[in-house]
1. Having 2 or more residues that are away from the ligand (no atom under 16 Å from the Cβ) and in contact with a Leu (Cβ under 7 Å, 6 or more places away or on another chain) is the bar; report the helices (runs of 4 or more DSSP H) wholly within the stretch 1-117 that clear it.
2. Which residue pairs have Cβ atoms closer than 7 Å, lie 6 or more positions apart in sequence or on different chains, and pair a first residue in the stretch 145-160 that is at positive phi with a second residue that is at pLDDT 90 or above and basic (Lys, Arg)?
3. Can you say whether TYR178 is farther than 17 Å from ALA289 by Cβ and surrounded by 22 or more Cβ atoms within 10 Å (Cβ to Cβ), as far as the supplied structure shows?
4. So, of the residues in the stretch 28-43 that are within 18 Å of PRO236 (Cβ to Cβ) and touching a helix residue (DSSP H, G or I) at 6+ places or on another chain (Cβ under 6 Å), which turns out to be surrounded by the fewest Cβ atoms within 10 Å (Cβ to Cβ)?
5. Any residue in the stretch 1-27 that is more than 20 Å from GLY240 (Cβ to Cβ) sitting within a Cβ distance under 8 Å of a residue that is away from the ligand (no atom under 16 Å from the Cβ) and of a type in the set (Ser, Thr, Tyr)? List the pairs, counting only those 6 or more apart or interchain.
6. Filter the stretch 223-237 down to residues that are closer than 13 Å to PRO4 by Cα and either in contact with a Cys (Cβ under 6 Å, 6 or more places away or on another chain) or away from the ligand (no atom under 15 Å from the Cβ) (or both), then give me how many there are.
7. Do we have VAL191 as surrounded by 12 or more Cβ atoms within 10 Å (Cβ to Cβ), more than 19 Å from the chain's Cα centre (by Cα) and not in a helix (DSSP H, G or I) here?
8. CYS20 passes all but one of (1) on the phi > 0 side of the Ramachandran plot; (2) surrounded by 19 or more Cβ atoms within 10 Å (Cβ to Cβ); (3) not β-branched (Val, Ile, Thr); which number fails?
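The values are calculated or read from the model by the stated rules, or taken from the named source; none is laboratory data. Here the structure is a predicted model, which is why all the values come from computation and not from measurement. Every residue, glycine among them, receives a Cβ derived from its backbone with ideal geometry; neighbour counts consider all protein chains shown.
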Amino acid sequence: MSLPLPTTLSPSKVSSFKDCALAFRFSAIDRLPEPPSPAAAKGTLVHKALELLFWDHPQGSRSLAAALDCLGRAWALLANDAEFAELGLSAEEQAQFRHEADQLVRRYFQLEDPDRIQVLGTELMLQAPLGDMQLRGIIDRLELDPDGRLVVTDYKTGRVPPESREQARLGGVHFYAYLCEKALGVRPARVQLLYLAEPMSISTTPSDQSIKGMAVRAQAVWAAVERACRDEDFRPHPSGLCGYCAYQAFCPAFGGDPALAVSRRPGASKAPSGPGEARPDPTEAVRDALRAAGLVGV
Ligand code: SF4
């Protein structure tokens, strides 16, 4: 008897497994739904507002006023979302939620000028093989910078992690660089994390060495996941993150029984939800744009 392997590995799954193997099992293998949280909903709202800014406003017209208008439209969509309703926020809490999202959008403008960005894709799902597994990630924004170089941007609406987690926060960056290189045929010149709450940006230039290092680490995590599935051995790793964990009721570290999680497995995986309709997969359009920019062969 063994547990089924997850079908893909993503940056969030890698860090979830490293943080706590048992929480990873509940999420990636048992596929237990996580209850909605105000922090996740706020992230969804701000991501949607910035996505609208880039698609609905051409370069030269992406002002703060336009972004706040986009936030208003994204808010109207979110307010009608069933998961948001589940949060049960009072009118006062909703006003605070809306105010904090407004602040995040305003601080975004302290980090960059959106008029200088030639956007190629947003919420772009890329997948590529690595050994016998599939890596998958969703890129918040893919663009050409003013010098015509490919850049990956990832928005963060939470706090900047401490310096001690420097490698963990950059791990996903190299993951995205690998996906671009394999799925689109171009290595990004730069990958940047925009921490809107601070505001603060962290960027790095992917290299042969950094991408190779990411591949080695991802394969090591995958081998550990395979072993844990084969042996049905996912151990709890109590830490400060337990306070945010949705699975305490099934966790032996909190007096729970992991076997009860099996009965809670959904019959089918649930599609991610958020405000608005998902755009069609734009990967081919991105490849065409990269060819037109001379970044990839015809
Ligand atoms: S409560 Fe803590 S130890 Fe238990 S599964 Fe969640 S993160 Fe892991």
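1. The qualifying helices (runs of 4 or more DSSP H) are 38-56, 64-79, 91-111.
2. none
3. Against the criterion (farther than 17 Å from ALA289 by Cβ and surrounded by 22 or more Cβ atoms within 10 Å (Cβ to Cβ)), TYR178 qualifies.
4. For the stretch 28-43, the residue satisfying everything is LEU32.
5. What qualifies is PRO11/TYR176.
6. Of the residues in the stretch 223-237, 7 are closer than 13 Å to PRO4 by Cα and either in contact with a Cys (Cβ under 6 Å, 6 or more places away or on another chain) or away from the ligand (no atom under 15 Å from the Cβ) (or both).
7. No.
8. All conditions pass for CYS20, except number (1).
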